[in-house]
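Comments concern the structure below.
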Amino acid sequence: MKKLLYHRFISSVMWNLLLISAGSLVFGIGLKSIAIPHGFITGGISGLTLLFYYVSGLLSPGLWYLLVNIPIFLMGWVHISRRFFFYSLFGVAALSLTIDLIGFTLPIHEPMLAVLAGGVLMGTGSGLVLHSLGSAGGLDIIGIILNQKFSIRLGTFYFAFNLVLFAFSFGALETDLVLYSLFMSFISSQALDYVLAFSNQRKMLFIISDLNEKIAREIQDRLSRGVTFLEGSGAYTGKTKKIILTVVNNYQLKRVEEVALSIDPEAFIITENTFNVLGRGFSKRKVY
């Protein structure tokens, strides 16, 4: 019952609008209070609009962002869903308004510190928005289409796009500013992937032991986690044995190790990070 209420809440309109609003605010602070005062290009569509703003001197960054997003929104309408479109429309409006309304500058004078702070804030803001069922427009829409069709990670796509954008920026901006901006983009993409993976990342364990059935029962009874047996054989001994495969939350990792090693001190345990786990007891598939 609690899980059902939880999934209903995170799918509610109120929760999604809250995520989009909070993410837009965090991103807007990083952009308007750090990146623009230092003359950085942020990357993505926001970076493209800043380049237009710096070169032309016309309009405002928020208005440029709104105009450039019009053709991209048509892609979201056709390739994703109507619900995603309207959430993203709210996201673009929220971010454009935030960018234009923020009137303060964070007192960061060292460029490298500004790069780190701006990258973390903008990556975190983008990650919060993308935890919703919408986006803040721009590359988010294109990135989600590519992620759904080709499983391309959003942070990886953003960084590749930004490499091309920054290559064209060398003719319009000072070389130092472009290089600072490139590094800020890298920090932002890493922060984005971290925020997206934070609530979905799990630990996958392979446990090899002669007491695998006892270990499996303890994992099921004490941690309420499912266990799968894989068939394997030792290359040296030729002896066949069952290999335990299980996926647990991060905080359960040490408990699994404790269970396995208390039963068989000679157990062989392999732990791997997983970017996303879908299924019973974990996350549900995100449907835009």
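The largest-to-smallest principal axis extents of the Cα set in the chain are 73, 42, 34 Å. For the chain, the number of Lys pairs separated by eight or more positions or lying on different chains, with C-alpha atoms closer than 16 Å, is 7. Helical runs assigned H by DSSP (4 residues or longer) give the chain a calculated mean residue ellipticity at 222 nm of -20000 deg cm²/dmol, each run adding -39500 (n - 2.57) before division by the residue total.
Basic side chains Lys and Arg get +1 at the Cβ, acidic Asp and Glu get -1 at the Cβ, and with that the dipole of region 2-198 about its Cα centre reaches some 920 debye.
Give me Rg over Rh for region 27-168, both radii from the alpha carbons and Rh done the Kirkwood way, two decimal places.
Across region 27-168, the Cα-based Rg/Rh ratio is 0.95.
Can you sort Phe186, Phe150 by how many other beta carbons sit within 10 Å, fewest first?
Result, fewest neighbours first: Phe150, Phe186.
Helices of the chain meeting both criteria, an alpha-carbon length of 15 angstrom or more along the long axis and an average Kyte-Doolittle score not below 1.0, with helices taken as full DSSP H segments, are 13-30, 44-56, 61-79, 82-101, 111-130, 139-150, 154-169, 175-198. Among Thr246, Thr98, Thr124, which one shows the highest mean-square fluctuation when the chain is modelled as a Gaussian network with alpha-carbon springs under 10 Å? Result for the chain, Cα springs under 10 Å: Thr246 fluctuates most.
Loop-located chymotrypsin sites (Phe, Trp or Tyr not before Pro) across region 61-131 with a Cβ neighbour count of 16 or fewer within 10 Å are Phe104, with loop assigned by DSSP.
Loop sites by DSSP among the trypsin sites (Lys or Arg not before Pro) of the chain, restricted to those with at most 15 other Cβ atoms within 10 angstrom, leave 1-238 as the longest stretch without any of them. In region 202-274, a dipole from Cβ-located charges (positive for Lys and Arg, negative for Asp and Glu) runs towards its positive end, and of Leu230, Pro265, Gln252 it is Gln252 whose Cα lies farthest in that direction.
In the chain, a dipole from Cβ-located charges (positive for Lys and Arg, negative for Asp and Glu) runs towards its positive end, and of Tyr53, Phe166, Leu133 it is Leu133 whose Cα lies farthest in that direction.
Note on the chain: GNM, Cα springs under 10 Å; of Asp176, Asp221, Asp100, the largest mean-square fluctuation is that of Asp221.
Among Gly234, Gly47, Gly134, the largest mean-square fluctuation in a Gaussian network model of the chain (Cα springs under 10 Å) belongs to Gly234.
Every number here is computed from the coordinates shown, using simple stated rules; none is lab data. As the structure is a computational prediction, the values presented were derived from the model and not from experiment. Don't worry about glycine lacking a Cβ; one is built from the backbone with ideal geometry, like all the others, and counts go over all protein chains shown.
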